[in-house]
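Every number here is computed from the coordinates shown, using simple stated rules; none is lab data. Quick caveat, the model's predicted, so the values are computed rather than measured. Counting neighbours? That spans all protein chains shown, and the Cβs are built from the backbone with ideal geometry, glycine included.
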Protein chains: 2
Amino acid sequence: MTTHNQENSQEACPAEGLLKLLAGKWKAQIFRLALEHPLRFNALLRQLPDANKQSIALALKELEEAELLVKTTIKQKPLHIEYVLSEKGLTLVPIFRNLEQLASI
Amino acid sequence: MTTHNQENSQEACPAEGLLKLLAGKWKAQIFRLALEHPLRFNALLRQLPDANKQSIALALKELEEAELLVKTTIKQKPLHIEYVLSEKGLTLVPIFRNLEQLASI
DNA sequence: ACAAGAAGTCAAAAAAATATGACTACCCAC
DNA sequence: GTGGGTAGTCATATTTTTTTGACTTCTTGT
């Protein structure tokens, strides 16, 4: 890795990066929860009892960088941060469904 | 993690296992090549110049165990082993296409 | 008989992904 | 001004994945 790009010089398969990202720990679970409601860091930690700060923080960051989640600072009453699924993130839904279906065969 | 099963007690998302499998190193590339022609171990090693025996052997085994590839001993002239995509493996094609498309956004 | 190709296996090392626990910094309530 | 909630970061372990290099077994060619 003399170069420092996100994957190898030319990624053999364009889906590889995304696949790797989605397969990372907690990603699928975070995605599922994001489907239900906006996510908040500490709440997420409580919802995923075996997860740890660092991993959740990293997962959120990666999902945000991949533009699957959008991070918003809510400047209201309790003043907090929310992560919600982006449009792009929503297009993953049918892909997950396909994978689930295939996994059940 | 007192228990020792392959994933966590109940896998939070049914797609997780498959996702992890497919995201493993060399998997996508092997899949692509399998789309073109039956695979042979040593040929694969030559086609993936940076890959190593062990990893390829493991990848083939996992893909076979997931029933995405079928392993066949060809009892003809040169006597060798071939790995070909199963029906189930073929159903991954549109999933990969979706992922590629999403990755290109 | 000997070499070379096919398809691996094995133990150990290196690299990458995850986890742990301590620590920040900001805001609010009491 | 102490305690608790928010959202993290950092350095360091531990665990998991991937690589390395040596070795194996069977078959074929010369």
* Asked: Taking the label point 7 Å from Cα in the Cβ direction, how far apart in nm is A:Glu62 from each other copy of itself, listed shortest first?
  -> 1.4
* Asked: Distances from B:Glu100 to the same residue in each other copy, label points 7 Å out along Cα→Cβ, in nm, shortest first?
  -> 2.6
* Asked: Which residue is it, in chain A, whose C-beta lies closest to the A-to-B rotation axis, and what is that distance in whole Å?
  -> A:Ala23, 2
* Electrostatic dipole magnitude of region B:45-98 [Cβ: Lys, Arg +1; Asp, Glu -1; Cα centre; debye, to 20] -> 240 debye
* Per-residue mean of C-beta atoms belonging to partner chains within 10 Å, peptide B:18-31 -> 5
* Report, as an integer, the average count of C-beta atoms from other chains found within 10 Å of each Cβ along A:90-103. => 5
* Exposure proxy check: B:Glu67, B:Glu36 ranked by fewest other beta carbons within 10 Å? -> B:Glu36, B:Glu67
* To do: Whole Å is fine, so just give me how far the alpha carbon centre of region B:55-86 lies from that of region A:20-97.
  => 38 Å
* Asked: Given only helices, namely DSSP H runs of n ≥ 4 each adding -39500 (n - 2.57), what is the per-residue ellipticity at 222 nm of the protein assembly as shown, to the nearest 500 deg cm²/dmol?
  -> -14500 deg cm²/dmol
* Provide an ascending nm list, one decimal, of label-point separations from B:Leu79 to the equivalent residue in each further copy; define each label point as 7 Å from Cα along Cα→Cβ. => 7.8
* DSSP loop trypsin sites (Lys or Arg not before Pro) in region B:62-105 with at most 16 other Cβ atoms within 10 Å of their Cβ, which ones? -> B:Lys75
* Asked: Over chain A, what is the mean sequence separation of C-alpha contacts under 8 Å (at least six apart), divided by residue count, expressed as relative contact order in percent?
  -> 22 percent
* **Environment charge at B:Leu63 (Cβ cut-off 11 Å; Lys +1, Arg +1, Asp -1, Glu -1)** => 0
* Straight-distance crosslink candidates among lysines, where the alpha carbon sits under 30 Å from B:Lys88 and sequence neighbours closer than 8 are dropped -> A:Lys20, A:Lys25, A:Lys27, A:Lys88, B:Lys20, B:Lys25, B:Lys27, B:Lys53, B:Lys61, B:Lys71, B:Lys75, B:Lys77
